Amino acid sequence: MLIEENYDIKRLTSFKCGGKIKKVFFPENIDEFVEVLNSNPDVKVFGNLSNTLVSTDGYDGEIVITTKMTNFTVQGNRITADCGLKGPKLAQIAAGVGLSGLEFMVGFPGSIGGEVFMNAGAHGQTVEDCFIEAKCYDKEEGKVVTLSKSSMAFSYRSSICQALNLIVLSAEFELQKAFKRDIDAKMNENLSFRKSKQPSLALPNCGSVFRNPEGDSAGRLLDAAGVKGLVIGGAGVWENHANFIINERNATSEDILKIIYVMYNEVKEQFGIELQPEVRYLGGNNKTEVEICKKLKMIK
Ligand SMILES: Cc1cc2nc3c(=O)[nH]c(=O)nc-3n(C[C@H](O)[C@H](O)[C@H](O)COP(=O)(O)OP(=O)(O)OC[C@H]3O[C@@H](n4cnc5c(N)ncnc54)[C@H](O)[C@@H]3O)c2cc1C
């Protein structure tokens, strides 16, 4: 297994921002992954780092990156995928065998583990819709457990894994038989929608910065609060949609967190609504960042 020390992680993140990580494990299969989890109780787990802001000042601990774990099996209308497989790849695999239900995964760069953890969703579909069960590593118990859909407590961008520190090893989905041409058409429709409404990865970003509050849209509130075009250091709020931050010119994580905090405060002051960040944070060495993250409840 590849293990890197003092590893500069910036290029692996979709924000193209980040510093040095003390130790990074890249397991290639579930056995190796479980071995790392058993022997490193404090290790943190990440997939494709498409929803994570990594501190420019790095992280003095150990992490796992799962993206070398890409096994999958297809049995009838069920597909089981390792946590590191990327969503767009799994959507193509499903389409290739005439199975519908994962078309929403085609347009954003998460790993299956990250998507189950976040209950990712788009275009009216979410992970929970076709989820059957996941094999997870229970950090408290130090063992592998199987969680059915009813045990996952899925809700908007949330699953039980967030509250109970469960690590997703693999997940099984039940899909519907459909014509490949219809599945491809739906995926193309999803991709065109994204092209018109969201920044491509050529503009480094992490997707939506804030969750939608109940009954409203974070983008609408942020737009009404006038944050579009706001710039701090190398980071800017995207001019076409106010819930996206673009790393425009080599932004530091502090630039990005400062802009997130201004966005949060503008909406709070003007509308009395406290937006909740969807993006996650890995860091801890920069005092200003830690203070902002605490205020935004991104860390305890
Ligand atoms: C351009 C763009 C568009 C996006 N559009 C959408 C969208 O439409 N809908 C949507 O829901 N999201 C969207 N996202 C956000 C992101 O892709 C999703 O949140 C995705 O689920 C994150 O997966 P990841 O592997 O990159 O997670 P990471 O960023 O690596 O991790 C995110 C969180 O998941 C945890 N995690 C990762 N892997 C595991 C695992 N195996 N077990 C337990 N915990 C784990 C991490 O600890 C972290 O807390 C978008 C992002 C980008 C960059």
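Values in this text are rule-based calculations from the coordinates and carry no lab data. This structure is a prediction, so every number in the text was calculated from the model and none was measured. Reconstructed Cβ throughout: ideal geometry from the backbone, glycine too, with neighbour counts over all protein chains shown.
Amide H contacts under 5 Å for residue 169: 135, 136, 137, restricted to partners 5 or more places along the chain or on a different chain, H placed in the peptide plane at 1.01 Å from N. Over the residues of the chain, the helix contribution to mean residue ellipticity at 222 nm works out to -8500 deg cm²/dmol, using -39500 (n - 2.57) for each DSSP H run of at least 4. Checking the cross-link filter: which lysines have an alpha carbon closer than 23 Å to that of residue 228, excluding same-chain neighbours under 8 positions apart? Output for residue 228: 16, 195, 197, 258, 268, 295. For the range 116-147, run through the GluC sites (Glu not before Pro) and keep only the ones in DSSP coil with at most 11 other Cβ atoms within 10 Å of their Cβ. Here the GluC sites (Glu not before Pro) that fit, given the DSSP loop and packing criteria, are 140, 141.
Among the trypsin sites (Lys or Arg not before Pro) in the range 230-268, those placed in a DSSP loop whose Cβ has at most 11 other Cβ atoms within 10 Å are 249. The amide H of residue 44, built 1.01 Å from its N in the peptide plane, has 62, 63, 64 as neighbours under 5 Å, considering only residues 5 or more places off or on other chains. Taking residue 177 as the anchor, which lysines have their alpha carbon closer than 17 Å to its alpha carbon, excluding any fewer than eight residues away along the same chain? Straight-distance partners of residue 177: 186. Cross-link check: pairs 44/297; 44/86; 22/149; 143/294 evaluated at a Cα-Cα cut-off of 25 Å; pairs beyond the cut-off: 22/149; 143/294. In summary, the aspartates and glutamates within cross-link reach of residue 300, defined as a Cα separation below 12 angstrom excluding same-chain residues under 8 places away, comprise 291. Annotation: for a label point projected 7 angstrom from Cα along Cα→Cβ of residue 8, residues of the range 240-269 with backbone N closer than 18 Å are 249-254. 3J(HN,Hα) couplings calculated from phi for the range 59-70 with the Karplus curve 6.51 cos²θ - 1.76 cosθ + 1.60 (θ = phi - 60°) are, in sequence order, 9, 8, x, 10, 9, 10, 10, 8, 5, 8, 9, 10 Hz; Gly and Pro show x.
Each residue of the range 265-278 was assigned a 3J(HN,Hα) from its phi angle through the Karplus curve 6.51 cos²θ - 1.76 cosθ + 1.60 (θ = phi - 60°); the sequence is 5, 4, 5, 4, 5, 7, 10, x, 10, 9, 5, 10, x, 8 Hz, with glycine and proline shown as x. Here the simple spin-label model places points 7 Å from the Cα toward Cβ, and for residue 158 and residue 146 these points are separated by 2.8 nm.
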